[in-house]
Amino acid sequence: MINIQEDELIKTLILQDLKHCQLLYGLDRLNLDAGYCHFLSILDLISKVMEISDDDVNDFNETYMLFMDKCMDYPLSTMGEELKPLAEECYMALTAIQKEVSTA
């Protein structure tokens, strides 16, 4: 069994979702309308892993989607290596929200 730290798992999920959004948004720019039918619900999984309550999920989701919207500012690549700093930045923003809501 492979053991992965929770933070690395979340960062990897964010990176994969950024790559997926690049594909979807790119297809939409070509008028191929791939957008709203093919989301993977990775955001839902991340919010559960980070134990974000239903009451606090709106700010969390909004922050996450702001980062997904930035993916098109980065070049496409096979492994998504250019997106790693964006995934890290997204993770840091989400953990800040997590800490904020857990102390409220």
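Points to keep in mind about this one:
- Cross-chain or 6+ apart pairs with Cβ under 8 Å, the stretch 82-104 first and over 12 Å from Tyr64 (Cβ atoms), then in a helix (DSSP H, G or I) and of a type in the set (S, T, N, Q): Leu83/Gln22
- Among the residues of the stretch 1-31, the one identified as buried (at least 19 other Cβ atoms within 10 Å of the Cβ) and of a type in the set (Asp, Glu) is Asp17.
- Figure legend. Inter-residue proximity from the stretch 44-70: first residues touching a residue at least 24 places away in the same chain (Cβ under 8 Å) and hydrophobic (A, V, I, L, M, F, W, C), second residues surrounded by 15 or more Cβ atoms within 10 Å (Cβ to Cβ) and not in a helix (DSSP H, G or I), beta-carbon distance below 7 Å, spacing 6+ or different chains. Indicated pairs: Phe60/Ile52.
- Taken as a whole, the structure places Glu62 among residues that are assigned to a helix (DSSP H, G or I), under 11 Å from the mean Cα position of the chain (by Cα) and under 24 Å from Gln22 (Cβ atoms).
- Within the stretch 68-87, considering residues that are within 16 Å of Glu8 (Cβ to Cβ) and surrounded by fewer than 13 Cβ atoms within 10 Å (Cβ to Cβ), the one modelled with the lowest pLDDT: Met79
- Qualifying residue in the stretch 56-67 (condition: farther than 23 Å from Glu89 by Cα, modelled with pLDDT under 95 and among the acidic types (Asp, Glu)): no
- Test: residue in the stretch 45-57 that is part of a helix (DSSP H, G or I) and either in contact with a Lys or Arg (Cβ under 6 Å, 6 or more places away or on another chain) or within 19 Å of Leu24 (Cα to Cα) (or both): no
The values are calculated or read from the model by the stated rules, or taken from the named source; none is laboratory data. Here the structure is a predicted model, which is why all the values come from computation and not from measurement. Reconstructed Cβ throughout: ideal geometry from the backbone, glycine too, with neighbour counts over all protein chains shown.
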